[in-house]
Amino acid sequence: MDEFLALCGFSEQERLSKLPRVREVFARLGVSEDDVERGKSRLTTYYDMELEGVRKLVRIILNNLCNTVLMRDAGRARIVHACMAPGMDILGSAIMENSRSVGVIDPNFTFMFILGAIFDKYAPILESAERQWLRGGVVAHCGMVKSRVGLITLGMVPKPDLTITTGFACDTSPRTNELLEEVYGIPACYVDTCQDRELSEYPNALRATTFAAKSMRAAARRIEQETGFEITDQMLWEVLQARRPLDLSLGRLNDVIQRSDPLPIASSHLGIPPVLGSISFCGGELEEAIDAVDTLCDELLDRSRRGLGATRKGAPRVLAIFPNHHTDPRWEHLANEMDVAIVACDFQGTPQRGADTTIVDPDDPYEVIVQHLNGVFTQPLGGRVATVLDMCRKLSVDGVLNHYHLGCRYVVGDAMILRDAILREVGIPVLMVEWDNFDPRSLDQERYGEKLETFRSMMGVSAPHD
């Protein structure tokens, strides 16, 4: 265990003080010594653990896992559970910084990375949800939604006093919260927005952001009702101001990766920023996250100057539709092994918070919080297509890896339309890949390798050994 914590960036003094805490958490989650050994192997295989920035980021995520599991032990008597609720990182930080009795958890991405990507123990969580009401197979539900149900039913996270989600892109998520209320007696609420957006409105999301801001403020009042803690606008402004440097650092990280040749870091690392975006930082944790990202940026710039990378120089550059696989780094690892450099995903077309794209009332922090609705994922289909085409041109990619997440009704129908638009307007190859973004059981490694081989040949690139 000491070697594992050292690999994850813990200093000798931290390892001495935190080892009992980590052992307690792993015992509750069923992580054995054999799992720890497998985790060490997977970390060194799929992640660039020689980089200090990567080790710092893994340390932050592992600490967040421990904080989540032990939240009631730490005295947080009332707990709000968030899932698929962008913006709750801001409300959560405001609550966690100003209250010692109320906690906010958004555990899915953290558990996916630690239990899935590192320990390869995520399937039982999904199977637990499937034994409830979220089915697998032909009529498949999304692994993200299953994660929420599985973590709660297995008791891996504290049973919350309130669940909160959004209807920004998924109607299954609010309905899942309603079922959690019905079956487990956990009060539920959700933030809503306008789904009937017209292409003529693109890129403006004024109706959506205005309605979402009002709905999120109403959700904050519901949190106050359930927890007894008042969330003031001043608290939110303070968090928004404090978090902006992290947003800027993550933007710089994306820029370094996108502009470097060769690709300076394995594409599996594209899954780490979404984890940071789900954490309600408090008590100095935000400063640690900013330092970790800045450290990694500097290391990647140094790698770029020295011509080092995860693929060879001149390898085909690819834009991914949908982010990386959140529980199984083999997808990105195999692509890099076959000399396919995944340099970005379409979700990076989302503007930074505070971009003031469609803010009606500059004195309302909730309007700033919901500006992500200008991003590619929540645009009408025509706007999403336009954003993807623009990214293809700006990044000068050689092809598009079009993942279509079969468990998501919102995007699965768009896959062919996106493909046809890219072929017609940009004229670069598109590889269609079926998967569940969060389910490690969805990989057929041999078949995927064959698809990548064909994709590379369509881009006019020979095998790395040729």
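The values are calculated or read from the model by the stated rules, or taken from the named source; none is laboratory data. Keep in mind that what you see is a predicted model, and the values were worked out from it rather than measured. All Cβ positions, even for glycine, are placed from backbone atoms using ideal geometry, and neighbour counts span all protein chains on display.
Pick from 88, 49: which is within 17 Å of the chain's Cα centre (by Cα) and not small (Gly, Ala, Ser)? Criteria check complete, one pass: 88. Please indicate, with yes or no, whether at least one residue in the stretch 284-294 is of a type in the set (A, V, I, L, M), modelled with pLDDT of 95 or more, touching a Ser or Thr at 6+ places or on another chain (Cβ under 7 Å) and surrounded by fewer than 23 Cβ atoms within 10 Å (Cβ to Cβ). For the stretch 284-294, residues of a type in the set (A, V, I, L, M), modelled with pLDDT of 95 or more, touching a Ser or Thr at 6+ places or on another chain (Cβ under 7 Å) and surrounded by fewer than 23 Cβ atoms within 10 Å (Cβ to Cβ): present. Scanning the stretch 90-114 for residues that are in contact with a strand residue (DSSP E or B) (Cβ under 6 Å, 6 or more places away or on another chain) and within 30 Å of residue 440 (Cα to Cα) gives 92, 103, 104, 105, 106. Buried (at least 17 other Cβ atoms within 10 Å of the Cβ), more than 20 Å from the chain's Cα centre (by Cα) and either at pLDDT 95 or above or of a type in the set (D, E, K, R) (or both): does that describe residue 240? No, not satisfied. Within the stretch 379-394, being assigned to a loop (DSSP other than H, G, I, E, B) and closer than 22 Å to residue 258 by Cβ holds for one residue alone: 379. Within the stretch 357-401, being modelled with pLDDT of 90 or more and aromatic (Phe, Trp, Tyr) holds for one residue alone: 366. The C-beta contact set for the stretch 247-265 (first residue of a type in the set (S, T, N, Q), second residue not in a helix (DSSP H, G or I), distance under 9 angstrom, 6+ apart or interchain) comprises 254/344; 258/317; 258/343; 258/344; 260/309; 260/343. Restricted to the stretch 184-193, and to residues there that are touching a helix residue (DSSP H, G or I) at 6+ places or on another chain (Cβ under 9 Å) and surrounded by fewer than 20 Cβ atoms within 10 Å (Cβ to Cβ), the residue that is modelled with the lowest pLDDT is 192. No other residue among 228, 251 is surrounded by fewer than 18 Cβ atoms within 10 Å (Cβ to Cβ), small (Gly, Ala, Ser) and over 22 Å from the mean Cα position of the chain (by Cα) apart from 228. Residues that are assigned to a helix (DSSP H, G or I), closer than 25 Å to residue 129 by Cβ, among the hydrophobic types (A, V, I, L, M, F, W, C) and without any contact (Cβ under 8 Å) to a residue 12 or more places away in the chain: does the stretch 395-411 have at least one? The answer is no, given that none of the residues of the stretch 395-411 is assigned to a helix (DSSP H, G or I), closer than 25 Å to residue 129 by Cβ, among the hydrophobic types (A, V, I, L, M, F, W, C) and without any contact (Cβ under 8 Å) to a residue 12 or more places away in the chain. Could you check, for the stretch 304-317, whether at least one of its residues is in contact (Cβ under 8 Å) with a residue 40 or more places away in the chain, under 19 Å from the mean Cα position of the chain (by Cα) and under 30 Å from residue 398 (Cβ atoms)? There is no residue in the stretch 304-317 that is in contact (Cβ under 8 Å) with a residue 40 or more places away in the chain, under 19 Å from the mean Cα position of the chain (by Cα) and under 30 Å from residue 398 (Cβ atoms). Residue 237 meets each of the listed conditions (1) in contact with a strand residue (DSSP E or B) (Cβ under 7 Å, 6 or more places away or on another chain); (2) in a helix (DSSP H, G or I); (3) among the aromatic types (Phe, Trp, Tyr) apart from (1). Restricting the search to the stretch 266-285, which residues are touching a residue at least 60 places away in the same chain (Cβ under 8 Å) and either in a helix (DSSP H, G or I) or out of contact with any helix residue (DSSP H, G or I) (no Cβ under 8 Å at 6 or more places or on another chain) (or both)? Within the stretch 266-285, 267, 268, 269, 270, 271, 272, 274, 275, 276, 285 meet the criteria.
Got a sec? Which of 452, 418, 431 is surrounded by 18 or more Cβ atoms within 10 Å (Cβ to Cβ) and either among the aromatic types (Phe, Trp, Tyr) or not in a helix (DSSP H, G or I) (or both)? Testing whether each residue is surrounded by 18 or more Cβ atoms within 10 Å (Cβ to Cβ) and either among the aromatic types (Phe, Trp, Tyr) or not in a helix (DSSP H, G or I) (or both) leaves just 431.
Answer yes if at least one residue in the stretch 178-190 is out of contact with any Asp or Glu (no Cβ under 9 Å at 6 or more places or on another chain) and closer than 19 Å to residue 282 by Cα, and no otherwise. Within the stretch 178-190 (the criterion being out of contact with any Asp or Glu (no Cβ under 9 Å at 6 or more places or on another chain) and closer than 19 Å to residue 282 by Cα), the answer is no, since none of the residues qualifies.
The set of residues in the stretch 163-193 that are β-branched (Val, Ile, Thr), in contact with a strand residue (DSSP E or B) (Cβ under 6 Å, 6 or more places away or on another chain) and within 21 Å of residue 132 (Cα to Cα) comprises 163, 164, 165, 186.
Results for (1) farther than 30 Å from residue 172 by Cα; (2) of a type in the set (Phe, Trp, Tyr); (3) over 22 Å from the mean Cα position of the chain (by Cα), shown as yes or no for each residue.
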residue	(1), (2), (3)
378	no, no, no
382	no, no, yes
411	no, no, no
446	yes, no, yes
454	yes, no, yes
460	yes, no, yes
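Looking across the stretch 116-133, the residues that are within 22 Å of residue 80 (Cβ to Cβ) and either buried (at least 24 other Cβ atoms within 10 Å of the Cβ) or of a type in the set (Val, Ile, Thr) (or both) come down to 125, 129. Taking the conditions (1) more than 20 Å from the chain's Cα centre (by Cα); (2) of a type in the set (A, V, I, L, M); (3) within 26 Å of residue 435 (Cα to Cα); (4) buried (at least 20 other Cβ atoms within 10 Å of the Cβ) in turn, residue 338 satisfies each one other than (4).
Number of residues in the stretch 291-324 that are in contact with a Leu (Cβ under 9 Å, 6 or more places away or on another chain) and part of a helix (DSSP H, G or I): the value is 10.
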